């Protein structure tokens, strides 16, 4: 099955496309999770990086499973983040204006303890693509940075293409 067939089948099952980026698309079904289809291993590398640390894990979306569709594309079942950044303009300004500025990071760290360290490590490890479309808020008010990068600075995400990690294949198709 190729990626177009996979996405067509999801649509026929009632999944709705909710967004796309340079190398990925996201689908959602009410009351469920998001399925992200992508060829870009930068996102998957970010998620695996975040999962390796307990404090980093709280800022990234939960990843439930990954399944490779073909030689290039994978589908990832991840947590749905319903509350977008534009609903919290003070946080959006701090993140989008210049989140690398120390005073902005200090203010963010007061609202979300540990995020300054997280953003610093993220900036040292990944290419930056952090903007208001790439983070949101969980129901409990915590921030979730779900798609902040286009890949690792050291090129380490290229290894994912050869290793093709699989995390419990529990996807609808």
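The values are calculated or read from the model by the stated rules, or taken from the named source; none is laboratory data. Just so it is clear, the structure is predicted and the values come from calculations on it, not from any experiment. Don't worry about glycine lacking a Cβ; one is built from the backbone with ideal geometry, like all the others, and counts go over all protein chains shown.
Do we find a residue being within 12 Å of the chain's Cα centre (by Cα), assigned to a loop (DSSP other than H, G, I, E, B) and at pLDDT 60 or above anywhere in the stretch 147-163?
Yes - at least one qualifying residue is present in the stretch 147-163.
Given (1) free of Cβ contacts under 8 Å to residues at least 60 places away in the same chain; (2) surrounded by fewer than 20 Cβ atoms within 10 Å (Cβ to Cβ); (3) closer than 17 Å to residue 135 by Cα, identify the lone condition not met by residue 27.
Residue 27 satisfies every listed condition except (2).
What is the residue count in the stretch 102-119 for residues that are modelled with pLDDT under 90 and under 17 Å from the mean Cα position of the chain (by Cα)?
Within the stretch 102-119, the first condition is being modelled with pLDDT under 90, and the residues that meet it are 102-112, 115-116, 119.
Narrowing the set further to residues that are under 17 Å from the mean Cα position of the chain (by Cα) leaves 115, 119.
Residues flagged as modelled with pLDDT under 90 and under 17 Å from the mean Cα position of the chain (by Cα) within the stretch 102-119 amount to 2.
To keep it simple, each residue is scored yes or no on (1) surrounded by fewer than 20 Cβ atoms within 10 Å (Cβ to Cβ); (2) modelled with pLDDT under 85.
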site	(1), (2)
14	yes, no
18	yes, yes
23	yes, yes
39	yes, yes
55	yes, no
60	no, no
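Which members of the stretch 112-133 meet the condition of being in a helix (DSSP H, G or I) and surrounded by 19 or more Cβ atoms within 10 Å (Cβ to Cβ)? Walk me through how you get there before you give the answer.
Our first condition is that a residue be in a helix (DSSP H, G or I); within the stretch 112-133, this holds for 115-125, 132-133.
Within the stretch 112-133, 115, 118, 119, 122 qualify.
Among the residues of the stretch 57-64, is there at least one that is farther than 19 Å from residue 149 by Cβ, in contact with a strand residue (DSSP E or B) (Cβ under 7 Å, 6 or more places away or on another chain) and touching a residue at least 40 places away in the same chain (Cβ under 8 Å)?
First, pick out the residues of the stretch 57-64 that are farther than 19 Å from residue 149 by Cβ: 64.
Applying the additional criterion that residues be in contact with a strand residue (DSSP E or B) (Cβ under 7 Å, 6 or more places away or on another chain) yields 64.
Filter once more, so that each one left must be touching a residue at least 40 places away in the same chain (Cβ under 8 Å): 64.
For the stretch 57-64, residues farther than 19 Å from residue 149 by Cβ, in contact with a strand residue (DSSP E or B) (Cβ under 7 Å, 6 or more places away or on another chain) and touching a residue at least 40 places away in the same chain (Cβ under 8 Å): present.
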